[in-house]
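FYI, it's all coordinate maths here, none of it is from the lab. Just so you know, these numbers come straight off a predicted model, no measurement behind them. Reconstructed Cβ throughout: ideal geometry from the backbone, glycine too, with neighbour counts over all protein chains shown.
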Amino acid sequence: MLAERALTAVMRRMSRKYVAHEATSMEMLPAPATAKKYVLYTHVPFCERLCTYCSFNRFLFREDLARRYFASMREEMRMVADLGYEFGSLYVGGGTPTILLDELNATIDLAHELFDIGEVSAETSPNHLTPEVVETLGGRVQRMSVGVQSFDDRLLRVMDRYEKYGNGQSLFESIAGAQGWFPSLNVDMIFNFPSQTERMLLADIDLLKQTGCNQTTFYPLMAGPNAAKALADTVGRIDFVREGEYYQLITEALSDTFEPASAWTFSKEKGGMIDEYIVDYDEYVGIGSGALSFIGGRVYGNTFSLQEYDDAIRSGRMGLATAGQPYDRRALMRYRFVTELFGLRLDKRRFERDFGEPIERALRVETAFMRAAGAYAVDDDHEITLTPTGRYLLVVMMREMLSGSNELRDEARAALSPAERMLLLEGTDTATLAVGDRSSEYAPA
């Protein structure tokens, strides 16, 4: 698709500009704006095994490090509360947030104590959907998102998930067994993996429907530069032309059971919670190692180093390490354009109220491009909604926005100490690792 190729090139240039960052000595995030709605994101960067294609901040699990980390993250949550922030929604991502169930419970419970949290979303892995986890979190989490990626055994082996999380049948049984415990049970899937075929994709969709889940998110493969090179060297390059074809296939195959809830999320229930909190909230606060915040039109990043994060919290500072340049007015308008349309509807009246001019004049090139590409289903005085083509173009935009963040993550990982980089390697004897020079503190008892 010509529009996809043009959009990919433009978004890559823009993403590099918008995620550009520099080191900061800030000890705290800025105070909240009056009457502003925010969402709180908490990042748990530990996994029992690491997936090579994942660009998020994550480390091999060590219980002593993880327990220390959870305690520090809860302290950072208290700092955010002291700044005056209020949150109606909590999102716990990773990593694998359910890596230590008691610590996760304590973190969610503290959020309820400090803020007026109405809904909690959390991520997990299929092997963590045990009766204990499901029964304990069933009363704490309203939206549980499970990273399945595929039910195909061949693809699971290529992704290096078969030995980690089980075969396709065991994944299916885990999801089916959790049905009914959470108001929203979302299954994360990946499409356009280099070795994935149409037959694999359609079989995945068929099994997905049978699990009983009420929501699914199909992410296009979004590998950072290092992961993309590793993929190209092993199973092949990412084919972006095929990506559009597979997206159309997914949309058609799901249409008898699910309806679009965002550009890449599909739900059985209209108006339910969706996968991306940026659709409902213009700005967000992130706590934990590697978490990002977007406040006052500026991106702030927490350190990726577990030791630096712990040091900062112990000294009474937040985990801030970087800050981006403030978004100018045009960048803020583009951000609104992308995030609202990603949620499938842009409110033209709200846009004009917030920016002082209609979107057709404020973003002439962007709106003309989308109109020419056949992206708009409705384009009247009040709103813009999307055709299937338009939804795919928003997938492309979000893919490139997140890929830009992946480059930032790759740079942050490269700056870690040698000991912490060892926690990024499978097969490491983590019991013998020390972090930095504080081996006595980080060595297990």
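If one computes the Cα centroid of the stretch 79-121 and of the stretch 287-355, what distance in Å separates the two points?
Centre-to-centre (Cα) distance: 18 Å.
So how strong a dipole does the stretch 26-279 carry about its Cα centre when Lys and Arg Cβ are +1 and Asp and Glu Cβ are -1, to the nearest 20 debye?
With Lys and Arg at +1 and Asp and Glu at -1, about 380 debye.
If you average 1/r over all unlike Cα pairs in the stretch 26-279 and invert the result, what Kirkwood radius do you get in angstrom?
Result for the stretch 26-279 stands at 19.2 Å.
Which of the listed residues, VAL44, GLY88, SER255, is farthest toward the dipole's positive end in the stretch 26-279, when Lys, Arg count +1 and Asp, Glu count -1 at the beta-carbon?
Projecting each Cα onto the dipole axis, the largest value belongs to VAL44.
Taking the Cα centre of the stretch 26-279 as the origin and placing charges on Cβ (Lys, Arg +1; Asp, Glu -1), which of VAL148, CYS54, ALA31 is farthest toward the positive end of the dipole?
Final value for the positive-end residue is CYS54.
Given the Cα-Cα distance of ASP328 and GLU48 and 0.36 nm per residue of separation, how much length would full extension add, in nm?
That pair, ASP328 and GLU48, stretches by 96.7 nm at full extension.
Contour minus end-to-end for GLU27 and THR257, with contour as 0.36 nm per residue of separation and end-to-end as the Cα-Cα distance?
Gain on extension, GLU27 to THR257, equals 77.9 nm.
For the pair ASP160 and ASP381, how long in nm is the line joining their label points, each one 7 Å along Cα→Cβ?
Distance between label points: 5.8 nm.
Can you list which of the GluC sites (Glu not before Pro) found in the stretch 267-376 are DSSP loop residues with at most 15 other C-beta atoms within 10 Å?
GLU269
Once you've got the Cα coordinates, tell me which of LYS209/LYS270; LYS36/LYS348; LYS209/LYS348 are over 26 Å apart.
Long pairs (Cα-Cα over 26 Å): LYS209/LYS348.
So if we plug the beta-carbon distance of LYS36 and ARG371 into 1/(1 + (r/R0)^6) with R0 = 30 Å, what FRET efficiency do we get, rounded to 0.05?
0.40
Over the Cα atoms of the stretch 110-214, each weighted equally, I'd like the Debye log10 I(q)/I(0) at q = 0.17 Å⁻¹, rounded to two decimals.
The Cα Debye sum returns log10 ratios of -0.76.
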